[in-house]
Amino acid sequence: MRGLRLGYRVQIKFWRYELKLAHPWMISSGVGKGATHVFPVAIVQLTASDGTTGLGESAPSKRYKETAAGGIEFFEKVNARKLSFDDVAGSMKYVEGIAPGNIAAKSAINAALVDGAARKAGKAVHEFLGLGFKEKHHVTSFSIGIDQPEVIHKKVLEAAQYPVLKLKVGGPDDRENFKALREAAPKKWVRVDANEGWTTKEQALEMVEWLATDGFVQFVEQPMPANTDPKDLAWLKSRSPLPLFGDESFHTARDVAQCVECFHGVNLKFCKSGGISNGYEALAAARKAGLKTMIGCMIETSILISAAAHLAELTDYLDIDGNLLITNDPYLGVTAEQGLLSFAHAPEKTGLRVRAR
């Protein structure tokens, strides 16, 4: 284990962990480059002198040129003397100034601070933030990565317990893959995620119009690249027969005004927002502006998936299945049997309600 440092208020530990995927994973940016079999993350643990602990996780995205190794390097720069569960905002002000970027690593520190602060207050994170949580009410979709049609068919059958699927598209076989999904699940609700994979507004509109004929597609995520001219995204929004959600186009509350022009909804991920605190702010701002909201995820352990579940009340949709796609989750937290989120069997009552296995 690397990185033990002593501070007046807390100790900080951090280590790398490799998540093993149940199936090879590919999205549009990986087409032609090969599928991912292992996803490295970095875990951070803060421990106060009174024994209170907080857990966080850096699940970086190559899309933003971040890695687990980079997360470790960032944690090594953190001075534990400047962190406190009693002052999450002040602690994060310090963390933000350590180095630019490193959003996933900063998200991990924030999650650990919020976890510890809630534990110290004797509350679950959602209660600490003034939110509720309804047992077995919030539904997560289950994601199917880009693959060969026959493999898509097999994956969909294996995901029979989940009432909503999310299909990754943006490759040359989109139509064949969607057909394979429908052969395995003829009437199941589906969300489609292009991950910036359609390059022109005309191509995107053609694909969205085709998907709309299915009758059971809920919405389409990030049909075009985030750096697309906003006028083209607005053009697509005005013509789309399906709701469009911004993902790579939406990071923090600062992006809300632009997203209102270009999308019907937004997808928040902690690796983009910088953590629970910024995520709460971004979701609240998006809802106030009239956007539909959802929380998504990377390939993650139950640390970040549970963190997302605590914000479920701020969302219309959830896609927090990263821990369901791996075979070696080292933590226990929220569960998603039949796609329904539950903390009923969580090993902890306070904080993120997460504990190591």
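Structure above, values below:
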{"item": "Test: W210 is open to solvent by 60 Å² or more (accessible area, probe 1.4 Å) and hydrophobic (A, V, I, L, M, F, W, C)", "result": "yes"}
{"item": "Filtered residues of the stretch 64-75 (kept if among the hydrophobic types (A, V, I, L, M, F, W, C) and either surrounded by 18 or more Cβ atoms within 10 Å (Cβ to Cβ) or touching an Asp or Glu at 6+ places or on another chain (Cβ under 8 Å) (or both))", "result": "A68, I72, F74, F75"}
{"item": "Members of the stretch 76-90 found to be open to solvent by less than 30 Å² (accessible area, probe 1.4 Å) and in contact with a Gly (Cβ under 6 Å, 6 or more places away or on another chain), listed by number", "result": "A80, F85"}
{"item": "Tally, over the stretch 8-20, of residues that are modelled with pLDDT of 95 or more and either open to solvent by less than 50 Å² (accessible area, probe 1.4 Å) or hydrophobic (A, V, I, L, M, F, W, C) (or both)", "result": "4"}
{"item": "Evaluation of A308 against (1) part of a loop (DSSP other than H, G, I, E, B); (2) free of Cβ contacts under 8 Å to residues at least 40 places away in the same chain; (3) open to solvent by less than 10 Å² (accessible area, probe 1.4 Å) (one fails), failing number", "result": "(1)"}
{"item": "Segments classed as strands (runs of 3 or more DSSP E), wholly inside the stretch 200-297, with at least 2 members that are over 18 Å from the mean Cα position of the chain (by Cα)", "result": "217-221"}
{"item": "Residue ID - nearest to F216 (Cα to Cα), chosen from residues in the stretch 160-177 that are surrounded by fewer than 21 Cβ atoms within 10 Å (Cβ to Cβ), touching a strand residue (DSSP E or B) at 6+ places or on another chain (Cβ under 9 Å) and not β-branched (V, I, T)", "result": "P163"}
{"item": "Tally, over the stretch 96-127, of residues that are farther than 13 Å from I276 by Cα and open to solvent by less than 10 Å² (accessible area, probe 1.4 Å)", "result": "1"}
{"item": "Test: residue in the stretch 134-149 that is farther than 23 Å from Q218 by Cα, open to solvent by 20 Å² or more (accessible area, probe 1.4 Å), of a type in the set (A, V, I, L, M, F, W, C) and in contact (Cβ under 8 Å) with a residue 24 or more places away in the chain", "result": "no"}
{"item": "Qualifying positions in the stretch 272-298 - over 30 Å from S238 (Cβ atoms) and open to solvent by less than 10 Å² (accessible area, probe 1.4 Å)", "result": "G274, G275, I276"}
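The values are calculated or read from the model by the stated rules, or taken from the named source; none is laboratory data. All of these numbers come straight from a predicted model, not from anything done at the bench. Glycine also receives a Cβ, built like all others from the backbone with ideal geometry; neighbour counts cover every protein chain displayed. Keep in mind that these areas ignore ligands, DNA and RNA; they rest on the heavy atoms of the full protein, side chains included. Shrake-Rupley method; radii C 1.70, N 1.55, O 1.52, S 1.80 Å.
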